[in-house]
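S.K.: Structure in C-alpha cells, see below.
The values are calculated or read from the model by the stated rules, or taken from the named source; none is laboratory data. The model shown is predicted, which means the values in this text are computed figures rather than measured ones. Note that we place each Cβ from the backbone using ideal geometry, even for glycine, and neighbour counts take in every protein chain shown.
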Amino acid sequence: MRTSFFDAHSLRLIQAPMAGSQNHRLAAAVFKAGGLGSIPAAMLTSEQLQNELIEFAEAIDIGKGIDIGGNTRKTSLWGELLPVNVNFFCHKAPAEQAETEAAWRLKLTPAYQAHGIDPAAVGSGPGRAPFSEESLAMLGQFKPAVVSCHFGLPKAEWVAQIKAWGIQVWSSATTVQEAQWLEQHGADAIIAQGLEAGGHRGMFLTEDLSTQIGTLALLPQIKKAVNVPVIAAGGISNAAAVRAAKMLGASAVQVGTAFLTSHEATTSALHRQALMSDAARHTALTNLFSGRPARGIVNQFMRDYGPLNPMAPAFPLATAAVAPLRAAAEAKGQSGYSPLWSGQNASDCEALPAADIAHKLLQAWA
Ligand SMILES: Cc1cc2nc3c(=O)[nH]c(=O)nc-3n(C[C@H](O)[C@H](O)[C@H](O)COP(=O)(O)O)c2cc1C
C-alpha cells in the first residue's frame, strides 16, 4: 500500500487557516512544533501573499535556499516543497448587486446613525478574492507542500497543474456529497468540517443549513464514503477531542479556535477578550459579516439584524456595509460589529505560545 502523505510526514495536526487572524508567524510556530501551519490567502493581495511566503521560509530558516526569480529552490525540509499549507477561497465572484447593497445599507441606517456614520458615504465592493490565475503563478513559484481550499476547488486544469507540481490539494467538505464530489474532482484529502467549526462554513453544493452536521457524525460518514485521507475539523480543541477524531478514522486534525489566543496569532484584543469570556459559550452561524454563513460569538450586530438575514448581499459583498460600523465601534473599544469568529468550544483558549498548544494536541495522538 502507498504511504499516505500524512504517514510520510508524521503529520497529525494542521493549524487551520484563519484569514484575518493570523499570518506566517503562527504557521511557522506550528510547523516548528511538529504540525503543519497554514497561510490564509483569501484576504491578501498577490504581493502580500508573496511576502508571507518569503517570511515563512525565513522564519523556518530555509529562506536562503529560495530563489524567487528562477524557481530553483533546493533546500527545504520536505524535499522540494515549502512545508506549509496555502489556503484559498474558491467561490464564484458574484455579479454586481448595486440594488441589494443599497437596500442593505438602508436597512442598516439606524446603526449607521447611532455611530455618526453617513450611509451615503459607505462603500461597496468585495472583501475577499477567489483563486485566480495569479494564485496559480504564485504556487508555481513557491511550491508549498499543500494547497487547501474552502468553497470547492479551482477549475479542473488548475487543479491538474497544481498536482503536477507535486502539491497536495485539499478542500473542506460539510456533507458526504461534497466529500464525494471533491474526491471525484481530484482532492488528495478531505477536510471534514463539522458544524462546530469557527469561521465560514465551507459548504459549496448546498445552501441549506439543515444539511450541516456535527464533527462526530460527519467524520465517520465521510470516512466511509471516500478513499482519500480525511482530516477532522470543528470543535477540536483538546487532547480528548484529538483522540476521538483519531478513533473515528481521521488521518489528522485541523484546529482553528484553540490557536486564536496563541501569542503568534494576530487576533485583535477585543476578539481575544470575547474568546476568553463567558460570551464565547454562545456562538451562531451568521451571514451578516460577509454574505455566507460563518460561526462567530453572538454580538450586537447579530442580535439586532440576524444572525441570518436574507437581505444581506451575496458573499463577499456584505463585508463593505459593516466595515465602517466595525471601525467606529472598535475605536470605542466595543466588539458589537466585529466578526468574532469562534468554534463552539472556545473553553480551551489560552494565551500561550502556539508551540505549547500544538504540543498538547500532538501528545494526544501518540
Ligand atoms: C477566525 C477563523 C477564520 C477562519 N478562516 C478560514 C479561512 O480563511 N479559510 C478556511 O479554509 N477556513 C477558515 N476557517 C475555518 C477553519 O479552517 C476550520 O474549519 C475551523 O477553525 C475548525 O473548527 P474550530 O475553530 O472549532 O477548531 C476559519 C476559522 C476561524 C475560527
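S.K.: Those residues that are part of a loop (DSSP other than H, G, I, E, B) and touching a Gly at 6+ places or on another chain (Cβ under 8 Å), I need them from the stretch 326-345; list them, please.
M.R.: Listed by number, the residues that qualify are Pro339, Leu340, Ser342, Gly343, Gln344, Asn345.
S.K.: I've got another one for you. If you take the residues in the stretch 324-365 that are surrounded by fewer than 20 Cβ atoms within 10 Å (Cβ to Cβ) and of a type in the set (S, T, N, Q), which one is nearest to Gly306 (Cα to Cα)?
M.R.: Among those residues, the one meeting the criterion is Gln334.
S.K.: Between Ala225, Ala233, Ala217, which is in the same structural domain as Thr267 (by TED's automatic domain parsing) and within 14 Å of the ligand (Cβ to nearest atom)?
M.R.: Ala233
S.K.: Moving on to the next point. In the stretch 297-319, what count of residues is obtained for those that are closer than 17 Å to Phe89 by Cβ and of a type outside the set (S, T, N, Q)?
M.R.: Counting residues in the stretch 297-319 that are closer than 17 Å to Phe89 by Cβ and of a type outside the set (S, T, N, Q) gives 6.
S.K.: Now a separate question. Residues being surrounded by fewer than 19 Cβ atoms within 10 Å (Cβ to Cβ), more than 15 Å from the chain's Cα centre (by Cα) and part of a loop (DSSP other than H, G, I, E, B): count how many of those fall in the stretch 10-47.
M.R.: 3
S.K.: Continuing with the same structure: Condition first: in contact (Cβ under 8 Å) with a residue 40 or more places away in the chain and either under 18 Å from Gln344 (Cα atoms) or outside the structural domain of Gly34 (by TED's automatic domain parsing) (or both). Now tell me which residues in the stretch 244-256 satisfy that.
M.R.: Answer for the stretch 244-256, where residues must be in contact (Cβ under 8 Å) with a residue 40 or more places away in the chain and either under 18 Å from Gln344 (Cα atoms) or outside the structural domain of Gly34 (by TED's automatic domain parsing) (or both): Val253, Gln254, Val255, Gly256.
S.K.: Can you find a residue that is in contact with a strand residue (DSSP E or B) (Cβ under 6 Å, 6 or more places away or on another chain), surrounded by 16 or more Cβ atoms within 10 Å (Cβ to Cβ) and either within 28 Å of Pro310 (Cβ to Cβ) or in the same structural domain as Ala314 (by TED's automatic domain parsing) (or both) anywhere in the stretch 105-128?
M.R.: Scanning the stretch 105-128 turns up at least one residue that is in contact with a strand residue (DSSP E or B) (Cβ under 6 Å, 6 or more places away or on another chain), surrounded by 16 or more Cβ atoms within 10 Å (Cβ to Cβ) and either within 28 Å of Pro310 (Cβ to Cβ) or in the same structural domain as Ala314 (by TED's automatic domain parsing) (or both).
S.K.: Collect the residues in the stretch 197-223 that are over 22 Å from Arg128 (Cα atoms) and either surrounded by 22 or more Cβ atoms within 10 Å (Cβ to Cβ) or among the β-branched types (Val, Ile, Thr) (or both), keeping them in residue-number order.
M.R.: Correct list: Thr211, Ile213, Thr215, Leu218, Leu219, Ile222.
S.K.: May I pose another question? Looking at (1) assigned to a loop (DSSP other than H, G, I, E, B); (2) within 20 Å of the chain's Cα centre (by Cα); (3) over 30 Å from Asp118 (Cα atoms), which one does Trp365 not meet, given that it meets all the others?
M.R.: (2)
S.K.: Given the residues Ser262, Ser277, which is the only one that is among the polar types (S, T, N, Q) and surrounded by 24 or more Cβ atoms within 10 Å (Cβ to Cβ)?
M.R.: Ser262
S.K.: Considering only residues that are surrounded by 24 or more Cβ atoms within 10 Å (Cβ to Cβ) and part of a helix (DSSP H, G or I), which ones fall in the stretch 179-190?
M.R.: Selection gives Ala179, Leu182.
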